[in-house]
2 protein chains.
Amino acid sequence: MNIIHVGLLGCGTVGTGVARILMEKEPLISDRVGAVIRLKTVADIDLEKDRGIRFENGMLTKNAFQVVCDPEIDIVIEMIGGEGVAKDLILKAIEHKKPVVTANKALLANHGNALFKAAAQNGVDLAFEASVCGCMPVIKTIRESLVGNRIQSMIGILNGTCNYILSKITNDGSVFEAALAEAQAKGFAEADPTLDVEGHDTAHKLAILSALAYGMEINLPDIYVEGISRITPMDIDFARQFGYTVKLLAISKSLGNAVEARIHPTMIPFENLLSSVNGSVNALTITGDAVGDMMLYGYGAGMMPTASAVISDVVDLARNRISGASRGRIPMLSYQPGRIRKIPIVPIKEIDTHYYFRFAALDQPGVLSKISGVLGNYGISIKSVHQKGRKTNGSVPVVMLSHLAREEYVIKALSEISSLDVVSDTPVLIRIEDEAGQD
Amino acid sequence: MNIIHVGLLGCGTVGTGVARILMEKEPLISDRVGAVIRLKTVADIDLEKDRGIRFENGMLTKNAFQVVCDPEIDIVIEMIGGEGVAKDLILKAIEHKKPVVTANKALLANHGNALFKAAAQNGVDLAFEASVCGCMPVIKTIRESLVGNRIQSMIGILNGTCNYILSKITNDGSVFEAALAEAQAKGFAEADPTLDVEGHDTAHKLAILSALAYGMEINLPDIYVEGISRITPMDIDFARQFGYTVKLLAISKSLGNAVEARIHPTMIPFENLLSSVNGSVNALTITGDAVGDMMLYGYGAGMMPTASAVISDVVDLARNRISGASRGRIPMLSYQPGRIRKIPIVPIKEIDTHYYFRFAALDQPGVLSKISGVLGNYGISIKSVHQKGRKTNGSVPVVMLSHLAREEYVIKALSEISSLDVVSDTPVLIRIEDEAGQD
C-alpha cells in the first residue's frame, strides 16, 4: 500500500489535534483513502511539553526548515500561525515542490495573493479549508459544490467568541464586559480579545470567502470592520421588541462589477435561521442563483474541529498524489488564475441599508420633531418611532427604524443630531439586514 | 482548451435545469474548471415539449442507448428516474466505461450495492450528490470533509414536503389533510404523496447516508419507517407546551457493531436548531468525534437546487479527467470496497428512547392509576403526566412523557392499555430525541 509522509510544523493546540488524528486514526483513514497517511516529523520549539501523545524517537525536531526540505516528506502542514516564520516556511516548502496545508487566515488574508501565485508557479497546491470556519466545509462548498452557481451573497456568523458574547448579552442580559470575562474564563476568548471582538478575525475570513465566491483578488484593507464592544443589553432588548436578534455578521454581496463586504453588528429577524444560532459556533448562509439559500453550521474553532478540516485537506492532497492527478485539479482561488479579477469593494458610505437608531433625548416637548427634522433634511425616511419609557441620566431613549437609506447621509445626519442641545449622548446606530423589509 | 462532452438522459424538470446550467453557464464553468464542459446530446421521449431552451440541431434524440454508446460522450447524466430503463442505461454506460451522474435515490437505495460494484469493476465512477438533499453537499461532506472523523450520528429533516406540511400544522393549526392539499397546490407535494408523507423517500436517503457514514452496505429494508399522516394539531400543540417541535426525522446512530436507522415523527426541543427549520427545506445534523455537531441546510429538491448538485458531480468527474486522476480518487461508498462491512441495523423494538404518549381517557376516578399501573408493570418510568382540560367525544386527553424506555415494552404496554375499558381510542406514541434528557 502507498505511504504518504506528512510533516507537521507547529504542535500547539490545533497542531496537537492534527497529530492525534493522524496517529490514532491511521487505520480509519487508510480504510477510506486506500493508502497510509503517516505523520513522519513534527517540528516545534517546545520538545518537552506533554501533549498527551507518544511520539516515536526521532519524530520531534526543533528544525522546521529541515522538515520542509526533507525529500521524504510529501505534504507539509503549517500550524505555527502568524505572518513571520510561518510565511517563510510555506514559501520554502513551495520552493521544494511540496503541497502545503494551512489554517492561517491572517496570513492568507494579508498575503494570500502572493502565496497562491508562488504555489501555482512552483506547481503545488496550497490548501486552506481550516482557515475559515473550522470544521465547516465552506471552501470546498464554494469551490466545488457551487461551481454551477453565480454566488450572489454570503451572510455569516464567522467568529464564535463574538457569538458567544452576544448570546450571553441576549439571553442573560449581561453587559459586554461581563460576557467577555466569562468567555475568557471558559477559554472561548483570548486574553487579548481585540482581534475577535473588534471584528478583524471575521474580516480575515470574509476576505478569503469573497475572493473564492466572486472570482476576485483577496482584498482585506477595503472591508469595513466594526466590532461588538459597544453593544448594550438595552439595544439588544429593543431589537427583540421589534422581532430582531443582534449578531456580528460578515456580509458580502455581488453587485456585478463591485462587491459589498462588511463586518458589523447587525439586526436580523427571528425568522432568519442565523438568529437561532447561539453560542461559540459559526454559521454561513450562501445564496446562489441555482441553489437559493443554503447554510453551513458548526464549530468554527477549537482543537479537534479545526484539526478535522486540516485532515480533509491533507487527504485531498494525498488523493491527488495517489490517483496521479496533476496540480491545480481545483484552482486554489476557485477560478483559474487568469480569470481572477480586481473587483472593487464598495465603500461603506455608499451602502444602502436599513438602520436602527437610538438617541438619548431630553424629556421635553419638540425633541422628536428636531431629530426627525434633521433626518428628513438628509432624505432619511423613518418607518417607526418608539419612545421607550424609563429615564436614565436625565434622558429617555428614543428609538427609530429607518427605511432604506444611504450610509453617507445617515452619518451626516447623526453627526448633526448629536450636536443638538436636546440630545445628550452620541447616537447609536445598528444596521438591519431584513429581506422582508426591502423598501 | 480541453472539451468534455456530456450526454443527458431524461429532460424533465431537473434534467431541464441541468441542461440550462450547462448551456447558459458554459463560460462561467470554464472560468473555474479550465476546460469546456459541453452538453452534446439530450435524450428524452418527448422531443416537442417547450423547455425554454434552444437546443441546436441534432442535440435532441429519442435514443438514449445511442447516447451511452457514443464514443464522443465523456460523461453520462441519468435524469430519467425509476428503477427500470434508468438502471439499464446506467449499466450500459458503465459497460462502455463512461462515468455516470445520477440523482436517482430510489434506484441507489434499492440496487446501489450492485451498481457501485459494476462501476468499480468497469473502472468508472458513479456519482450521486444530487440523490440526497438536493443542493446540500452531504455526500461530499461525509466522504471528503469528515474523512478524519468517526461519524457517530446523523439526524435530519430529509423531505421538504413533510417539513412543509408539519410547519403548516405547527404554525397555522391546519389538519394534515388541509396542509397536504396546500402543499400539492403549491407544487411541494406530488399528486400521489405516499412516497413522501409515509417516509419512504426519507428512508431512501438515510439508507445511502448511513452506508457512507459508517462504511456499511446499503440496507434499505431494515430501516424502520413511519410517516406523518397521523400527526394531529393537538399533539403538536401539546409538544409545544413541553418545549418541543414535531419533525419527521431521519435518525441514524453508530453503535459500533450495529447501527440505529429509523424514520419517524419526532419531538425535538426548541434549542435544537432543527426545530427552527421551517418550510420545504432539508437540514442534516452530522455528529463526528472530531467536529462535534455540524449542520447543513438548504433546498432538498426542486429544479435548480438539484441541478446544481448534478453539475458539481459532472465537474468533479471532468476535473478527474482533465487532471489525469485515475478512477476511484474518492471511493464511491466512502470506504475502500474491501473495507465495507455488513453492519446490522437494530430492530426498532430494541431501541431505547424517550416517548410522548397521549391517551383518550374516560373522565372518571382511577383512570390514571390504571394506565400508569400498566406502564409500571413493563418497567416504563414516567417523567411527567398532564391531564389537559377539554373533553372530546366523552374522553379527556391524558399526556405522559417517559424516561428512557425500550420500544418493545412500550408497544406491549400500549397494546394492553388500549384494551382497558377506561381508554376510548388507540393511544398515540411520538418518540422524543432530547440530548438534555438522557435519563
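Okay, residues lined up against (1) crowded, with 21+ Cβ neighbours inside 10 Å; (2) in contact with an Asp or Glu (Cβ under 6 Å, 6 or more places away or on another chain); (3) over 28 Å from B:G288 (Cα atoms):
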| site | (1), (2), (3) |
| --- | --- |
| B:I94 | yes, no, yes |
| B:A118 | no, no, yes |
| B:N122 | no, no, yes |
| B:E129 | yes, yes, no |
| B:G134 | yes, no, no |
| B:I139 | yes, yes, no |
| B:I142 | yes, no, no |
| B:S153 | no, no, no |
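Condition first: within 14 Å of chain A (Cβ to nearest Cβ), in contact with a Phe, Trp or Tyr (Cβ under 9 Å, 6 or more places away or on another chain) and either without any contact (Cβ under 8 Å) to a residue 40 or more places away in the chain or open to solvent by 30 Å² or more (accessible area, probe 1.4 Å) (or both). Can you find one or more residues in the stretch B:15-30 that meet it? The answer is yes; a qualifying residue exists. Taking the criterion of being part of a strand (DSSP E or B) and in contact with a helix residue (DSSP H, G or I) (Cβ under 7 Å, 6 or more places away or on another chain), would at least one residue in the stretch B:227-242 satisfy it? No - not one qualifying residue is present in the stretch B:227-242. The residues listed here are B:L284, B:L333, B:L274, B:L296; of these, the one that is under 22 Å from B:A118 (Cα atoms) and not basic (K, R) is B:L333.
Scanning the stretch B:294-308 for residues that are within 7 Å of another protein chain (Cβ to nearest Cβ) and within 23 Å of A:L274 (Cβ to Cβ) yields B:M294, B:M295, B:L296, B:Y297, B:G298, B:Y299, B:M304, B:P305, B:S308. Among the residues of the stretch A:395-426, those identified as buried (at least 20 other Cβ atoms within 10 Å of the Cβ), farther than 20 Å from A:I251 by Cβ and not β-branched (V, I, T) are A:P397, A:M400, A:A413, A:L414.
Per the listing A:L220, A:L195, the residue uniquely within 25 Å of A:S276 (Cα to Cα), touching a helix residue (DSSP H, G or I) at 6+ places or on another chain (Cβ under 9 Å) and surrounded by fewer than 24 Cβ atoms within 10 Å (Cβ to Cβ) is A:L195.
Just one of the listed residues (A:V291, A:V281, A:V310) is crowded, with 24+ Cβ neighbours inside 10 Å and in contact with a Cys (Cβ under 7 Å, 6 or more places away or on another chain), namely A:V291. When A:R341, A:R327 are screened for being closer than 30 Å to A:I4 by Cα, within 14 Å of chain B (Cβ to nearest Cβ) and open to solvent by 20 Å² or more (accessible area, probe 1.4 Å), only A:R327 passes.
So is A:M332 touching a strand residue (DSSP E or B) at 6+ places or on another chain (Cβ under 7 Å), open to solvent by less than 20 Å² (accessible area, probe 1.4 Å) and within 7 Å of chain B (Cβ to nearest Cβ) or not?
The answer is no for A:M332.
Within the stretch B:96-116, the residues that satisfy the criterion of being open to solvent by 10 Å² or more (accessible area, probe 1.4 Å) and more than 20 Å from the chain's Cα centre (by Cα) are B:H96, B:K97, B:K98, B:P99, B:A114. Of the residues making up the stretch A:215-226, just one is within 14 Å of chain B (Cβ to nearest Cβ) and not in a loop (DSSP other than H, G, I, E, B), namely A:M216. In the stretch A:269-288, the residues that are over 15 Å from A:L206 (Cβ atoms) and at the interface with another protein chain (Cβ under 9 Å from one of its Cβ atoms) form Cβ pairs under 9 Å with partners that are open to solvent by less than 10 Å² (accessible area, probe 1.4 Å) and modelled with pLDDT under 95, at six or more places apart or across chains, as follows: A:G288/B:C135. If the condition is being of a type in the set (A, V, I, L, M, F, W, C) and assigned to a helix (DSSP H, G or I), then the stretch B:17-51 contributes B:V18, B:A19, B:I21, B:L22, B:M23, B:L28, B:I29, B:V33.
Of the strands (runs of 3 or more DSSP E) entirely within the stretch A:348-409, those holding at least 1 residues that are closer than 30 Å to A:P221 by Cα occupy A:352-362, A:395-402. Can B:G256 be described as within 26 Å of B:E217 (Cα to Cα), at pLDDT below 95 and buried (at least 24 other Cβ atoms within 10 Å of the Cβ)? When the stated conditions are applied, B:G256 does not pass them.
If you go through the stretch A:150-159 one residue at a time, do you hit one that is within 10 Å of another protein chain (Cβ to nearest Cβ) and in contact (Cβ under 8 Å) with a residue 12 or more places away in the chain?
yes
The values are calculated or read from the model by the stated rules, or taken from the named source; none is laboratory data. Every value quoted in this text rests on a predicted model; they were computed, and no experiment measured them. For neighbour counting, all protein chains shown are included, and Cβ atoms are generated from backbone atoms with ideal geometry for every residue, glycine included. Surface areas here come from the heavy atoms of the whole protein model, side chains and all, with no ligands, DNA or RNA. Shrake-Rupley method; radii C 1.70, N 1.55, O 1.52, S 1.80 Å.
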